[in-house]
Amino acid sequence: MNYYTTETQKPIAGVARSAMMVDLNIAVYSGRKQDKSTQAEVTNAKGSGSKKAASVYKNLFAECKELDAITKFQARARAEHYKLTLPWNDQGARLLPTAALMDYQQTMGRYKQEFERLVDAFLDKYDTLVAGAAFQLGTLFDRNEYPSRGKVAQRFRMETSFTPLPTGGDFRLDVESEVQRQLIADYEEKLDAKIKAANQDSWTRLYNAISKLSDRLTVDEDGKKRTFHDTTVTNAVELCELLHVMNITGDSALTKAARKLEEVLSGVTPKELREEDSTRAITKQKVDEILGAFDWGVDDGESEESGN
C-alpha cells in the first residue's frame, strides 16, 4: 500500500508541529560479573591455548526475585513506550504525536513510580542479599565484587527526554548556497523517509490486529471454533483509539480503516464472539470486508495464539 499518498503528504514543518521525538532511557544494575579466574580454569581444563576462547560470567545474586522483577519490569516499560510511539531512528528516539503527549507522560509516569518502588525493594534488602550470596556462590564469592549500596543505587535510572522534530531549516552550515541547498535536500529526503516509515508502522499495527481477528474468528471445516484471548478483541479496540492520535500525516485511508474496525467491534464482547455463532459469523464477515477494502501491502507473518 502507498502509505504516504499525495493526498496525505504534508510539509515536514507541518509534521514537526504535530509531533516530537522522545527518548526512554532505562539503566539497570545487572548483578553479573566476568570471572577471569574461573575463565582461566575452564580454558585450561579444556586444553585451550587461548584465555579468550571462552568467557565466564557469574551471577552475583544467583536467585534474587527482587532483581529479576526489575529486569522483567524494564522490558514491560519499553514495550509500553513502543506501543505509544512511532519509529523514527533505528536506535534511540521515537516519534510521539503532541496529541498523545499527556497520555504518554501519565502512563510512563506510573511506570517510573513502579520502577522506583521495585528498585527500593531491592536496595532495602541489598546487604542481606550480599550476605546470602556468600552461601549461594561458595568459592565463587568475592566480597570485593559487590559495590556499596549507594553505588548500586546509582546504576538504576528511568527517564524520558523530549526534543523537537528537526526540519530542513534546522540544518545550518556556513557553506556555499548551492552546497547548502543540496545538504538540506538530502536531509529532508531522509526525514521524509522516516515519516513514511512511521506512517507505515501504524498501517502494519492495524493490519496485524485485523488479520489476527479474522484468523481467530474462523470456524474450521470440521465445525471447530478457533480459540482466542480476550485481548485479541480488546487490544484491537484500544489500537483504533490510539491511531486517532498517532496519525500524524493525516492519512484519511488509515483513519477510515480504523473507524471501520471500531464500528465492527462496537458493543461486541469476546464472550459473545465465543458463544453466539451468529455474532461471530457476522463480525468475521465484516472484518474480512475491511481486509479486502485496502491494498495493505504488509507481510502479516504467522499467527500464534491459542487458549481462551
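Values quoted throughout were computed directly from the atomic coordinates according to the rules given, and no laboratory measurement underlies them. All of these numbers come straight from a predicted model, not from anything done at the bench. Note: ideal-geometry Cβ built from the backbone for every residue, glycine included; neighbour counts use all protein chains shown.
What is the calculated FRET efficiency for D192 to A281, with r their C-beta to C-beta distance and R₀ = 30 Å, to the nearest 0.05? So the FRET efficiency works out to roughly 0.10.
Going through the cross-link list K72/K225; K83/K212; K33/K83; K72/K284, which pairs have a Cα-Cα distance over 25 Å in this structure? It would help to have the intermediate numbers written out before the result.
Values: K72/K225 34 Å; K83/K212 17 Å; K33/K83 33 Å; K72/K284 36 Å.
Over 25 Å Cα-Cα: K72/K225; K33/K83; K72/K284.
Per residue, the Cα convex hull of the stretch 90-129 amounts to 74 Å³.
What's the long-distance tail for the stretch 192-281, i.e. % of Cα pairs beyond 18 Å? Working shown, then result.
Numbers: 1877 of 4005 pairs.
Value for the stretch 192-281: 47 percent of Cα pairs lie more than 18 Å apart.
Just so you know, the Cα atoms of the stretch 60-136 work out to an Rg and Dmax of 16.6, 53 Å.
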